[in-house]
Amino acid sequence: MRNIWGSFTGKKAGRAFLLPAVIILLALTIFPFLFSLFLSFGKVSFLGGLQINFAGLKNWARLFGDERFYNALRITILITVIAVAIEYALGLGLALLLNRGVKGSTFFRVLFFLPMMLTPIAVGYMWRMMFHFTRGPIDHVLPLLGLPAVAWLTEPKIVLYSVILTDVWHWTPLMILILFAGLQSIPPALLEAARVDGAAGWRLFREVIFPLLAPASIAAILLRTIEVLKIIDKIYILTGGGPGIYSESMTLFGYSLGLRAFDLAYGATIAFSPFVTVLAISIVFLLMTRRFQEIGLE
Amino acid sequence: MFKKIKKGRFIKEAAMVILCAAVIVLGSLGSSQALAEKRFEGVEITVFTQTPPFIVKPVWMFGPDWEKKTGGKVRVISAAWAELYPKMFSSFALGAKKYDIILFPAAWLADFASNEFLVPLDNFIAADPEIDWLDILPVYRERISTYAGTIYAIPMDGDNHIFYYRRDAIENPEHQAKFKAKYGYDLAPPETWVQVRDVAEFFNGWDWDGDGRIEYGVVEAMRKDDQAYWTYFSRTAALTSIPGQPQGLFFDPETMKPLINDPGHVKALENWIEILEFGVPGMINMESGDIRGVYTVGEAAMAIDWGDIGVMADTSPESTVKGKVNYSILPGTTRAWDYVKKTWVDFPEVNHAPYLAFGGWLGAIDAKSDNVEAAYDFLSFLSRPENSYICVTTAQTGFNPCRKSHFEKLAGWYGYGFVYPEDYLGAIEATIAHPNVQPDIRIPGAARYFEALDVQLSMALAGAKTAKQALDDAAKEWERITEDLGREKQLKNYRASLGLPIE
């Protein structure tokens, strides 16, 4: 009997095995992506079934003339820059401490990683309770220390920093994890050689450890930047984007218009703005990574 | 040939034959009735509503009884509040037939019915004596459940905002004396929004119930992306609704121009912004669930809410205010803005305009469902008076009174834990039956109009805009939405929702 699998080798087999993954990718990623891009140039009607009529650049013109969009963009960028910077600084400091093998470092490692295990919704609810003005523990303790209670979630000038604080608490552990792994991968011989050459303390960190940690740092910052640019869940629970629109991120803005007001075409248009931002930042970071790799090879 | 039979024996034997025949006939009748009752054997209906326990609990309570009776199966799918509308709409619009029955807020009926997503129910109801349709209060059966004169849904729950105040605070003679000295009139349950402001100021920021904690004047849901617009319209209705005039709360029914930035609305928003000062701290970020928790642990003297605070205050184990809460129709005003004459109108008496915020939860059937008959049968079963009464007097069902019979029997309400059920039911009944009662917005795109307003209200409350600026911006956005959806079409829909003639 002829073996039907006999000719099924090489490229043919490779393509066949790849096919299911390609179909899934097309169905779950590429199609929704293209469909929402298409929606952003359309007008949606549901009478007699879903109807999408071409509306040209109407939705895009509306987006670029919408003050709420610029507000959401500004807030998203502020949260991203401040939160990622703090998370990186804290993460690096704690990773260095853990890497020194201080007493109880295993216990602290587990403790530091705990917040990361929680879902953003749970973190949102937890911090909403923590920030509660009359029943929350933070505003209970502050007056005992002689400090005034703070309207964490209701004061326009403060609310953004409350969101950032929550995000820092939640995601600094990821920074620690990546940077700690990066530190662990530095060959001890290299550090030893640097020490023999007279490098120590700050100089050792600045001239040897930090450059060697650059790929891990870039990966950690890139991952967190992409995630924070899409932030919605914690803000939704903490403030709903309020008071006013003082904590409304781009994704929350898109969600409110697209899926609460069901203005699907405009919602899709809004959804593309974080995508463009994330894409641009990703390209910059990837170029930076390549540059660092080239330096490393040199 | 035939044996002569004695008369007595004959009668005995005849009686036996008749008895046997009766047993056989009745038995067969019974089995055919049982067969008829099991008419949905093998049919599974899918009910979609919000996550447990509220609203879905009645389906859990009565689903098994209906299954036993009809042989059908009830499958429940639920989603968070914010996901309900998108999931329902997309299932209908894409013809996905995911749900046979939806339990949904009345405000969305026009959106669904105008897009022909729902099964018209007039014929089903006309042929169904068990639903006792006329027992449902007129405002729910004639307005809330209909669209353009056709019934598309069955009211499961009656929803309207009522006003809450603490009996112990208002009736305290010491408080009464202090209040009179400060404001020059007697402390009493507030009749107007101006009095609400004074009473809120008076009770704000001191321990007036002697529990060792600071209490506040009022608590109202103001959080963005939640249900703040309903609180706002409750405060606005009396300032914009003149008895006998078509609703002045949302649009001009002649032109579809938004009325939300007229002086009545602006005044209401200014009042609302001012009340922040006398409210529980953090009130701007509180949703309905928060205010219920805050009020029932005794942090505020007054509140605006649906029937839920009343239920929680007297029946929740965490409540510290059991028996201390009283209820009334929403306060009114002594003047209102006449949108037709563009002038303020003064009233010799207080003008009340209670607001059917939200309008309640309705049950409807997907027009593309394969199980329409079974779905209707289940809705009817859930809604019929005896089952509905159990729902409204059971904790965590989320169903509030919407039938005459709900108000007639107090035993269930006492059993539920109410201390003064007649007062609670009285406030709800006075609201629903009021001649100047204002229904909620019921036109396609309601969610878009509310979202646009919600943002502007939140901006005004946060101090980013004045009341006038915020409402002017909201009106512009409402105009844009109306243009987008088609002014003529929207005007027809709006007039239909108010029961006005359509040319």
| With charges set only on the Cβ (+1 for Lys and Arg, -1 for Asp and Glu), what does the dipole of chain B come to about its Cα centre, in debye to the nearest 20? | 2200 debye
| said: Checking the cross-link filter: which aspartates and glutamates have an alpha carbon closer than 15 Å to that of B:LYS476, excluding same-chain neighbours under 8 positions apart? | reply: A:ASP66, A:GLU67, B:ASP252, B:ASP262, B:GLU451, B:ASP454, B:ASP484
| task | Work out Dmax and Rg for segment A:229-298 from the C-alpha atoms and quote the Rg first, both in angstrom. | result | 16.9, 55
| query | How much FRET efficiency would the formula 1/(1 + (r/R0)^6) give for B:LYS342 and B:ASP484, where r is the Cβ-Cβ distance and R0 is 35 Å, rounded to 0.05? | reply | 0.80
| Principal axis lengths of chain A from Cα atoms, whole Å, largest first? | 80, 75, 39
| request: May I ask you to list the lysines whose Cα is less than 24 Å away from that of B:LYS368, ignoring any residue fewer than eight positions away on the same chain? | output: B:LYS38, B:LYS73, B:LYS87, B:LYS97, B:LYS98
| note | Sorted largest first, the C-alpha extents of segment A:109-172 along its principal axes in whole angstrom are 33, 24, 17
| said: From Cα pairs below 8 angstrom and at least 6 apart in sequence, can you work out the relative contact order of segment A:60-297, rounded to a whole percent? | reply: 28 percent
| With the contact rule set at Cα under 8 Å and sequence spacing of 6 or more, what percent relative contact order holds for chain B? | 23 percent
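Do any trypsin sites (Lys or Arg not before Pro) in segment A:94-123 lie in a loop, going by DSSP, with at most 16 other beta-carbon atoms within 10 Å of their beta carbon, and if so which?
Loop-located and lightly packed - A:ARG100, A:LYS103.
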| request: For B:GLU318 paired with B:SER405, estimate the spin-label separation in nm (one decimal), with each label point 7 Å from Cα along the Cα-to-Cβ line. | output: 3.4 nm
| Using a simple charge model, +1 on the beta-carbon of Lys and Arg, -1 on the beta-carbon of Asp and Glu, nothing else, what dipole does the protein assembly as shown show about its Cα centre, in debye to the nearest 20? | 2920 debye
| If each residue's Cβ is checked for other Cβ atoms within 10 Å, how do A:PHE275, A:PHE112, A:PHE253 rank with the fewest at the top? | A:PHE275, A:PHE112, A:PHE253
| query | Can you pull out the trypsin sites (Lys or Arg not before Pro) in segment B:395-436 that DSSP calls coil and that have at most 13 other Cβ atoms within 10 Å? | reply | B:LYS409
| Taking segment B:180-268, which chymotrypsin sites (Phe, Trp or Tyr not before Pro) meet the DSSP loop condition and have no more than 16 other C-beta atoms within 10 Å? | B:TYR185
| task | Return the whole-Å distance between the Cα centroid of segment A:55-85 and the Cα centroid of segment B:457-480. | result | 20 Å
| field | Alpha-carbon centroid distance for the pair segment B:110-132 / segment B:152-182, whole angstrom | value | 37 Å
| query | Any idea what the dipole of segment A:60-297 comes to, in debye rounded to 20, about its Cα centre with Lys/Arg Cβ at +1 and Asp/Glu Cβ at -1? | reply | 260 debye
| Stokes-Einstein diffusion coefficient of segment A:10-58, Kirkwood radius over Cα pairs, 25 °C, 0.890 mPa s, in µm²/s | 187 µm²/s
| task | Would you mind checking which residues have amide H under 5 Å from B:TRP208's amide H? H placed 1.01 Å from N; only 5 or more apart, or other chain. | result | B:GLU215
| Long-range amide H partners of B:PHE48 with built H, under 5 Å | B:ILE77, B:ILE101, B:ILE102, B:LEU103
| query | Residue by residue, what Karplus-based ³J(HN,Hα) values in Hz, rounded to whole numbers, does segment B:44-50 have, using 6.51, -1.76 and 1.60 with θ = phi - 60° and x for Gly and Pro? | reply | 10, 10, 10, 10, 10, 7, 7
| query | Which of B:GLY63, B:CYS402, B:PHE251 sits closest to the plus end of the dipole of the protein assembly as shown, meaning its Cα is farthest towards the positive end, when Lys and Arg get +1 and Asp and Glu get -1 on the C-beta? | reply | B:GLY63
| query | Taking chain A as a Gaussian network, Cα atoms linked when under 10 Å apart, which of A:LEU19, A:LEU114, A:LEU204 shows the biggest mean-square fluctuation? | reply | A:LEU19
| Going 7 Å from the Cα of B:LEU498 in the Cα-to-Cβ direction, what parts of segment B:453-476 have a backbone nitrogen less than 19 Å from that spot? | B:475-476
| said: 7 Å from Cα along Cα→Cβ at both A:LEU18 and A:SER185: what's the point-to-point distance in nm? | reply: 2.6 nm
| field | For segment A:139-148, Karplus couplings with θ = phi - 60° (6.51, -1.76, 1.60), whole Hz, Gly/Pro x | value | 6, 7, 7, 3, x, 5, 8, x, 9, x
| Karplus 3J(HN,Hα) series, Hz, for segment A:193-210 with 6.51 cos²θ - 1.76 cosθ + 1.60 (x for Gly, Pro) | 4, 5, 5, 4, 6, x, 7, 7, x, 4, 5, 4, 5, 5, 9, 10, 5, 4
| remark: Computed from the beta carbon distance with a Förster radius of 41 Å, FRET efficiency for B:GLU83 and B:ILE214 to the nearest 0.05 stands at 0.60
| note | Of all C-alpha pairs within chain B, those more than 42 angstrom apart amount in percent to 24 percent
| query | What residues qualify as long-range amide H neighbours of B:ALA300, i.e. H under 5 Å apart, gap of 5 or more or another chain, H built at 1.01 Å from N? | reply | B:TYR216
| request: Would you give the gap between the C-alpha center of segment B:400-453 and the C-alpha center of segment B:254-288, rounded to a whole Å? | output: 22 Å
| query | Classify segment B:199-244: rounded, prolate or oblate, from the alpha-carbon gyration tensor (a ≥ b ≥ c, eigenvalue square roots; a/c under 1.5 rounded; otherwise prolate if a/b is larger than b/c)? | reply | oblate
| request: Starting from the Cα-Cα distance between A:LYS103 and A:PHE38, subtract it from 0.36 nm times their residue separation and give me the gain in nm to one decimal. | output: 17.7 nm
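Helix check for chain B. Which DSSP H runs span at least 24 Å along their own axis by Cα, with a mean Kyte-Doolittle hydropathy no less than 0.5?
Helices meeting the criterion: B:7-37.
Coordinate-derived values only; no laboratory data. The structure presented is a predicted model; accordingly, all values stated were derived computationally and were not measured. Virtual Cβ from ideal backbone geometry, glycine too; neighbours counted across all protein chains shown.
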